[in-house]
Amino acid sequence: MDWNLIIEQSLSSLLSPATMAFALAALGLALHFGFTGLLNMGVAGFMALGAYGYAISVLTFGFPWWAGVLIGMIAAALFALILGIPTLRLRGDYLAIATIAAAEVVRLFFLTTAFDAVTGSADGLSGYHGSFREMNPIPPGTYGFGPFTYNANGWWVRIAGIILVAIAVLVIWLLTRSPWGRVLKGIREDEDAVRALGKNVFAYKMQALVVGGVIASLGGVIWALPSAVNPNTYMTSTTFFVWTALLLGGAATVFGPLLGAVLFWFVRTLLGVLLPQMVEAGYLPFMSSIQAATFRDILIGVALMLLVIFMPQGLLGNKKELTFVKQ
């Protein structure tokens, strides 16, 4: 087996745009679930709206890249309002079903051929990188060392991702330590008690849904920056992957989603390279290389089940602060 390839590709995932995208999505989900108790299973929909809002505004309307980012954020905020008005009075499993259905509606909307001229349908969108790359202050060339060697555009995407992640962490940190954030935690623990104190629980839930959704949409933008936008990227499995990253690091924490996203993509990349090579080397004679990719997702699913059973608070979480089943 080529251990150099395995190690290099695994380490390169630590600074990949996908890792940063999932960190942002997990941060938004942490505000929804970890701090407010909203069982949002439609985070992929917010990511899709961020990515498509960015790509469509740049390609179709000729907006600069920074305006495209704002359009993606506005689209996610409007989606949160439309989604939240009829669903935020639901609890538990009912809210989960409603949000996962809404995210699938968004994906199918971008997949339909009715708006092919704008959304690209199944082919997706590409070629929207010009405005962003023109703002690149890094001179042309290749920089870095070992697995962290990228060209100027590659570094520009990663720098933008790091900046957005840092801003999102600061926003979440400040919000959750404010009186507004303490009300959210109260809603998570016992919304009836918070309502008895005269607080508008529905309004606070809506605000949390909008803010978290906007942060998740930035994850979609970062994921789309280096390559293309495709509706099949934002399937239900993407939502489950974001949940895995969140639960791994700690749902009711600020830095847990970052740690969870990094570990999730590192392990996923490691298994994605290691298992096929083990098949080729004869260590897994009972499966093919294609089956090895499926086996990777099986292992991740089993790991998620064990995590929820034995460590529901995550690596950085406090078990006393978070309960998955409310009495």
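Using the Karplus relation 6.51 cos²θ - 1.76 cosθ + 1.60 with θ = phi - 60°, the per-residue 3J(HN,Hα) values for region 242-257 come to 5, 4, 4, 4, 5, 5, 5, x, x, 5, 9, 10, 8, 8, x, x Hz, with x marking Gly and Pro.
Dipole orientation for region 2-134: of the candidates ILE82, SER10, HIS129, ILE82 has the Cα lying most toward the positive pole (charges on Cβ; Lys, Arg +1; Asp, Glu -1). Spatial offset of region 132-188 relative to region 66-125 amounts to 23 Å, using the alpha carbon center of each.
A convex hull fitted around the alpha carbon atoms of region 1-69 yields 148 Å³ per residue. Using only side-chain charges placed at the Cβ, +1 for Lys and Arg and -1 for Asp and Glu, the dipole size of region 116-265 relative to its Cα centre rounds to 460 debye. Which of the following values of Rg and Dmax of the Cα atoms in Å was calculated from the structure shown: [x] 18.9, 61; [y] 22.9, 94; [z] 20.1, 66? Recomputing Rg and Dmax of the Cα atoms in Å here gives the entry labelled [z]. When the Cα positions of VAL254, ILE159, VAL183 are compared along the charge dipole of the chain, VAL183 comes out farthest toward the positive end, with charges on each C-beta of Lys, Arg, Asp and Glu.
Over the C-alpha trace of region 193-327, radius of gyration and Dmax come out as 18.7, 66 angstrom. D for region 186-233, whole µm²/s, Stokes-Einstein with Kirkwood Rh over alpha-carbon pairs at 20 °C and 1.002 mPa s: what number? The Stokes-Einstein estimate is 164 µm²/s.
A protection proxy built from the mean count of other Cβ atoms within 10 Å ranks the segments 231-238, 308-315, 212-219, most packed first, as 212-219, 231-238, 308-315. Here the dipole of the chain is about 960 debye; that uses its Cα centre as origin and unit charges on the Cβ of Lys and Arg (positive) and Asp and Glu (negative).
All of the numbers you see were taken from the coordinates with simple rules; none came from a lab. No experiment lies behind these values; they were computed from the predicted model shown. Methodologically, a virtual Cβ is constructed for each residue, glycine included, from the backbone with ideal geometry; neighbour enumeration extends over all protein chains shown.
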